[in-house]
Amino acid sequence: MSQSNNYCVIMAGGVGSRFWPMSTQKFPKQFQDILGTGRTMIQQTYDRISQIIPAENIFVITNKEYVDVSRSQLPEVPENNIVGEPMMKNTAACNLYMANKIAETNPDANLIVLPADHLILKEKTFLEKVQYALDLATDHDYLITLGITPTRPDTGYGYIQFIDKGDSEAAKVKTFTEKPSLEIARTFLESGDFLWNAGIFVWNTKSIQKAFADHLPDMVEQFNSCEYNSGKEVRCIELIYPKVAKISIDNGIMEKARNVYVIPADLGWSDLGTWTSVYENAAKDEQKNAVNSKYVMTYNSRGNVIRLKNRNKAAIIDGLKNYIIVDTDKALLICPRDHDQLIKEYVQDLKNFKKGNKFI
């Protein structure tokens, strides 16, 4: 199989409001070094996949507001491969857009679609599973997803139920379930035939285009009206986007299609959806504090995640346990770690202040 038939689409359009105040509308989570590794989330995603897919075959789909920051953070990716959506329309639209655009250049293209802001610790396993999925997509009309072996009954993830796969590496998908209650999540874990939905997809362009034709024909009609990789593309996309349905690829395609397969994988994966998940995955000191600056001094403080935008700034924390402390140029957040689900509400309340939007 020709390596040149394999392409990657990195989805980088989210706002990441749960990571306020580090993540803002102008500079969201995927463009931040959330874990303090020296590389941003989108750069880490690129570093990972570029080991098996050449830079010229890697595309980024993001909001048009973030095209410039995407280009500055990924200078290796050709400029024209970084594509801006005129407005947020969830994940079905951007998947069809990129499948059409890439198929116009290479009708035999296989695509891996990756979120820009996920953590994967077991890179070797990830690359092996991706290569297997790309090979599978070449030979079969399958829509493939990587399913994460669950480690706890988490209510924050979607779940994929699969049919016993025997000796095969891939299993046919039986059901998708959105975020379940804790009780249901426990039964999923005990049954042994459920995986976390990581939102990582692999398919041939022909397979995904056919699936869209079957399940979202109106969207296909809208996107088929554009001439891709031409001077007319951007204007056409701007005209159709207001009319395009706002629906996820999971709801629009994956839950309805009958040719969906999952590859179970233990990847050391996290979607880094909250400050608590950052804390769990970050390096910690002897007091179990996750700190990103050498000038932070802690006393009687344990289990905190401490992030300073200015790493040359001194901070002294005394008497705090299990807190989130995030200091940026414009805002300071101090809240208990177990309130991290409330950060979206804090941001909404801040908007109600006069000129509150400038902090968001």
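Here's a check for you: in segment 325-358, which residue that is out of contact with any strand residue (DSSP E or B) (no Cβ under 9 Å at 6 or more places or on another chain), charged (D, E, K, R) and part of a helix (DSSP H, G or I) is nearest to V15 (Cα to Cα)?
First pass over segment 325-358, keeping only residues out of contact with any strand residue (DSSP E or B) (no Cβ under 9 Å at 6 or more places or on another chain): 329-331, 338, 341, 344-345, 347-358.
From what's left, charged (D, E, K, R): 329-330, 338, 344-345, 349, 351, 354-355, 358.
From the residues that got through so far, the ones that are part of a helix (DSSP H, G or I) too are 338, 344-345, 349, 351, 358.
On the way: D338: 22, K344: 11, E345: 15, D349: 17, K351: 15, K358: 15 Å.
The qualifying residue nearest to V15 (Cα to Cα) is K344.
For the list (1) basic (K, R); (2) under 18 Å from G273 (Cβ atoms); (3) at pLDDT 95 or above, I need the number of the one condition that K29 fails.
(3)
Give segment 179-196 a look and list any residue that's free of Cβ contacts under 8 Å to residues at least 60 places away in the same chain and either in contact with an Asp or Glu (Cβ under 8 Å, 6 or more places away or on another chain) or hydroxyl-bearing (S, T, Y) (or both), or say none.
Within segment 179-196, S181, A185, T187, S191, D193 meet the criteria.
I need a count of the residues in segment 49-66 that are β-branched (V, I, T) and open to solvent by 20 Å² or more (accessible area, probe 1.4 Å). It would help to see each step written out before you state the result.
Initially, segment 49-66 is screened for residues β-branched (V, I, T), giving 49, 52-53, 58, 60-62.
Then keep just the ones that are open to solvent by 20 Å² or more (accessible area, probe 1.4 Å); that gives 52.
The number of residues fulfilling the criteria is 1.
How about segment 218-234: which of its residues are open to solvent by less than 70 Å² (accessible area, probe 1.4 Å) and either over 19 Å from N81 (Cβ atoms) or touching a strand residue (DSSP E or B) at 6+ places or on another chain (Cβ under 7 Å) (or both)?
Initial filter on segment 218-234 (open to solvent by less than 70 Å² (accessible area, probe 1.4 Å)): 219-220, 222-223, 226, 228, 230, 233.
Across segment 218-234, the qualifying residues are M219, V220, Q222.
Can you list the strands (runs of 3 or more DSSP E) lying wholly within segment 116-188 that have 3 or more residues being under 29 Å from S70 (Cα atoms)? Give the derivation first.
On the way: elements: 143-148, 159-162, 171-177.
It comes to 143-148.
Regarding segment 199-210, can at least one residue be identified that is touching a residue at least 60 places away in the same chain (Cβ under 8 Å), farther than 27 Å from R48 by Cβ and part of a helix (DSSP H, G or I)? Spell out how you get there, then give the answer.
Step one: list which residues in segment 199-210 are touching a residue at least 60 places away in the same chain (Cβ under 8 Å), which gives 199-210.
Those still in the list that are farther than 27 Å from R48 by Cβ too: 210.
With part of a helix (DSSP H, G or I) added as a condition, the list becomes 210.
Checked segment 199-210: at least one residue is touching a residue at least 60 places away in the same chain (Cβ under 8 Å), farther than 27 Å from R48 by Cβ and part of a helix (DSSP H, G or I).
Considering only residues that are under 17 Å from S4 (Cβ atoms), open to solvent by less than 10 Å² (accessible area, probe 1.4 Å) and aliphatic (A, V, I, L, M), which ones fall in segment 100-122?
Filtering segment 100-122 for residues under 17 Å from S4 (Cβ atoms) gives 101-112.
Those left that are additionally open to solvent by less than 10 Å² (accessible area, probe 1.4 Å): 102, 109-112.
Result: I102, A109, L111, I112.
Are any residues in segment 42-61 touching a Ser or Thr at 6+ places or on another chain (Cβ under 8 Å) and either under 21 Å from W275 (Cβ atoms) or assigned to a helix (DSSP H, G or I) (or both), and if so, which ones? Don't jump to the end; show me each part of the working.
Initial filter on segment 42-61 (touching a Ser or Thr at 6+ places or on another chain (Cβ under 8 Å)): 42, 44, 54, 57-58, 60.
Hits for segment 42-61 are I42, Q44, N57.
For S301, work out the one condition from (1) under 29 Å from D154 (Cβ atoms); (2) surrounded by fewer than 18 Cβ atoms within 10 Å (Cβ to Cβ) it doesn't fulfil.
(2)
The rows are residues; the columns are (1) surrounded by fewer than 23 Cβ atoms within 10 Å (Cβ to Cβ); (2) more than 20 Å from the chain's Cα centre (by Cα).
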site: A133; (1), (2): no, no
site: K165; (1), (2): yes, yes
site: E169; (1), (2): yes, yes
site: V173; (1), (2): no, yes
site: T177; (1), (2): yes, no
site: S181; (1), (2): yes, yes
site: L195; (1), (2): no, no
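Tally time: how many residues in segment 235-254 are of a type outside the set (K, R), open to solvent by 70 Å² or more (accessible area, probe 1.4 Å) and touching a residue at least 24 places away in the same chain (Cβ under 8 Å)? If you could, list the steps in order and put the result at the bottom.
Residues of segment 235-254 that are of a type outside the set (K, R), as a first pass: 236-242, 244-245, 247-254.
Still in the list and also open to solvent by 70 Å² or more (accessible area, probe 1.4 Å): 238-239, 242.
Then keep just the ones that are touching a residue at least 24 places away in the same chain (Cβ under 8 Å); that gives 238, 242.
Count: 2.
Which one of R39, R18 is in contact (Cβ under 8 Å) with a residue 24 or more places away in the chain, of a type in the set (K, R) and either part of a helix (DSSP H, G or I) or open to solvent by 40 Å² or more (accessible area, probe 1.4 Å) (or both)? Don't jump to the end; show me each part of the working.
Numbers: R39 fails: in contact (Cβ under 8 Å) with a residue 24 or more places away in the chain.
Sole residue among the options that is in contact (Cβ under 8 Å) with a residue 24 or more places away in the chain, of a type in the set (K, R) and either part of a helix (DSSP H, G or I) or open to solvent by 40 Å² or more (accessible area, probe 1.4 Å) (or both): R18.
The values are calculated or read from the model by the stated rules, or taken from the named source; none is laboratory data. Please read these numbers as outputs of a predicted model, since none were measured by experiment. Backbone-built Cβ (ideal geometry, glycine too); neighbour counts: all protein chains shown. Side chains are part of the model used for accessible areas, which takes the heavy atoms of the whole protein and leaves out ligands, DNA and RNA. Shrake-Rupley method; radii C 1.70, N 1.55, O 1.52, S 1.80 Å.
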